[in-house]
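Here is the structure we will look at, set down as structure tokens.
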Amino acid sequence: MTPSPGPIRWGIVGTANIARAQFLPGLREAGGGRAAVVASRDRARAEAYATAHGIDHGIADYAALVESPHIDAVYVALPNALHAEWTIRALQAGKAVLCEKPLSVGAAQTKDVLDVAASAAAPLWEAFVFPFQAQHQRLVRLLADGAIGAPAELYSAFHFLLSNPANIRMDAALGGGALADVGCYPIRLAFELFGADDADDAQVAACAARTEGGVDTDAAGIVWFGARRLLLSCGFKRSFDTFTSVLGRDGQIQLTNPFHPGPSDTLTIAAPNADPVVERPTTDARSFTAAIRHIHAVLRGEAAPVHTASEYSTQAARVLEQLQQLAGSAGEGR
Ligand SMILES: NC(=O)c1ccc[n+]([C@@H]2O[C@H](COP(=O)([O-])OP(=O)(O)OC[C@H]3O[C@@H](n4cnc5c(N)ncnc54)[C@H](OP(=O)(O)O)[C@@H]3O)[C@@H](O)[C@H]2O)c1
């Protein structure tokens with residue numbers, strides 16, 4: 001990978017809400033990069049989106065974007081069922097890729113993507129941005145220092161209200177469902193905290209409410225990693241609500257906003273017979289900033305890549321697929 005001399009030039013695939021609401025503000029906060037082009041299925045939509053959000057160009061061709069010699073990195077912000085194809089094409093064109101979560105639909109397709117990534121010229125990140133953030137790094141440090149003893153249970157929830165039946169998350173053919181959309185976060189966190197070696201031994205239980213089309217909309221699951229376990233709750237049926245508690249032998253650590261924290265969100269260390277210690281470790285205003293800052297440093301040759309998709313994405317995809325199968329979700333594992 002040749003270091004890029006100027007600002008990192010990003011291409012965005014899809015005129016997605018997430019790119020407008022999170023990626024582009026994070027890119028501005030991170031500095032050192034530029035939104036060079038956005039591609040849409042529709043030229044007018046691409047041009048309007050580019051104008052509205054400060055992107056240099058809008059074009060009507062995903063393929064032209066990923067193959068363009070004028071970009072360094074591709075942000076894949078498409079429905080889940082399209083992640084694999086466009087991530088593979090961007091990797092094969094030599095681009096660094098930040099692909100939205102989940103990396104693809106099912107464990108087999110995830111392995112296909114990671115096989116391509118393994119021999120690609122530039123790295124691949126799945127857009128779980130929380131491991132890059134100061135809050136997560138503080139959590140990892142506290143656990144390593146034994147602040148609550150050995151962690152035994154992770155209790156993690158992610159819910160929001162989704163009322164639009166036309167949303168991509170309500171379409172099985174596009175890889176929809178609550179487990180894929182928000183359940184994937186607690187799973188990834190469990191691997192970050194419990195480690196990858198536990199994947200083969202994981203035991204899984206789950207249940208979910210589903211639409212007639214088989215899309216899970218409200219789900220709960222348990223994943224046992226040997227002596228440790230993840231309890232997860234996720235869905236589209238109640239207003240925004242996300243938290244995580246890590247419970248250890250000697251206490252617990254509670255996060256008010258584990259996956260997209262801002263400066264006002266808290267990390268609380270609670271131990272028996274002691275006053276709770278409340279911290280606010282997050283410094284960036286935007287959730288994506290730390291991840292984008294890291295990608296820029298890697299592409300400038302100033303840092304080695306960390307938290308890449310190769311670390312936990314295969315194992316997490318296998319657990320997600322098992323949860324979806326037990327929950328009776330349509331379309332899992334395609
Ligand atoms: N990391 C995070 O924090 C986070 C947060 C929210 C969402 N996400 C992920 O980001 C991805 C996009 O989510 P979103 O809510 O931003 O979606 P969205 O607003 O619906 O955008 C998806 C884009 O994909 C393109 N597209 C291509 N084929 C499509 C099809 N058949 N149906 C609909 N759109 C199609 C569309 O762009 P054109 O038509 O212009 O090509 C559309 O704008 C998902 O994978 C989701 O899981 C991640």
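The values are calculated or read from the model by the stated rules, or taken from the named source; none is laboratory data. As the structure is a prediction and not an experimental result, all values here were calculated from the model. Every residue, glycine as well, gets a Cβ built from its backbone with ideal geometry; the counts of neighbours run over all protein chains shown. Heads up: the accessible areas ignore ligands, DNA and RNA and are worked out on the full protein's heavy atoms, side chains in. Shrake-Rupley method; radii C 1.70, N 1.55, O 1.52, S 1.80 Å.
Tabulated data
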quantity: Highest-MSF residue in the chain out of Ala127, Ala117, Ala21 [GNM, Cα springs under 10 Å]; calculated: Ala21
quantity: Segment 179-321: Cα Rg divided by the 2.2 N^0.38 Å rule of thumb; calculated: 1.18
quantity: Value of D in µm² per second that Stokes-Einstein yields for segment 103-192, Kirkwood Rh from Cα pairs, at 4 °C (1.567 mPa s); calculated: 82 µm²/s
quantity: Area of Phe160 that stays accessible when all protein chains are in place (1.4 Å probe, Å², to 10); calculated: 50 Å²
quantity: Ile12, Ile59, reordered so the largest accessible area comes first (probe 1.4 Å); calculated: Ile59, Ile12
quantity: Per-residue HN-Hα couplings for segment 270-285 [Karplus 6.51, -1.76, 1.60; θ = phi - 60°; Hz; x = Gly/Pro]; calculated: 10, 10, x, 6, 9, 5, x, 9, 10, 10, 10, x, 7, 10, 6, 6
quantity: Excluding exposed DSSP-loop GluC sites (Glu not before Pro) (at most 11 other C-beta within 10 Å), longest clean stretch of the chain; calculated: 1-211
quantity: Global geometry of segment 177-234, whether rounded, prolate or oblate, following the gyration tensor of its Cα atoms and the 1.5 cut on a/c; calculated: prolate
quantity: Ser119 accessible area, assembled protein chains, probe 1.4 Å, Å²; calculated: 100 Å²
quantity: Carbon/sulfur fraction of accessible area - segment 134-206, other protein chains in place, 1.4 Å, %; calculated: 48 percent
quantity: Sequence-separation-based contact order of segment 142-189, relative, with Cα cut under 8 Å and 6+ spacing, percent; calculated: 28 percent
quantity: For segment 128-184 versus segment 243-321, the gap between their alpha-carbon centres in whole angstrom; calculated: 10 Å
quantity: Cα pair distances exceeding 26 angstrom across the chain, given as percent; calculated: 47 percent
quantity: Most to least accessible of His260, His70, His296 (protein chains only, probe 1.4 Å); calculated: His70, His260, His296
quantity: Whole-number percent relative contact order across segment 213-279, with pairs defined as alpha carbons under 8 Å at least 6 apart; calculated: 19 percent
quantity: Kirkwood hydrodynamic radius over Cα pairs of segment 269-334, then Stokes diffusion coefficient at 25 °C and 0.890 mPa s, in µm²/s; calculated: 152 µm²/s
quantity: Kirkwood Rh and Cα Rg combined as Rg/Rh, segment 1-48; calculated: 1.02
quantity: Most to least accessible of Trp86, Trp224, Trp125 (protein chains only, probe 1.4 Å); calculated: Trp224, Trp86, Trp125
quantity: Per residue accessible area in Å² of the chain, where ligands, DNA and RNA are left out and the probe is 1.4 Å; calculated: 41 Å²
quantity: Summed residue charge, Cβ within 10 Å of Tyr312's Cβ, Lys/Arg positive, Asp/Glu negative; calculated: -2
quantity: Dimensionless Rg/Rh of segment 40-104 - Kirkwood Rh, Rg from C-alpha atoms; calculated: 0.96
quantity: Whole-number D in µm²/s for segment 67-116 (Stokes-Einstein; Kirkwood sum over Cα pairs; 37 °C, 0.692 mPa s); calculated: 304 µm²/s
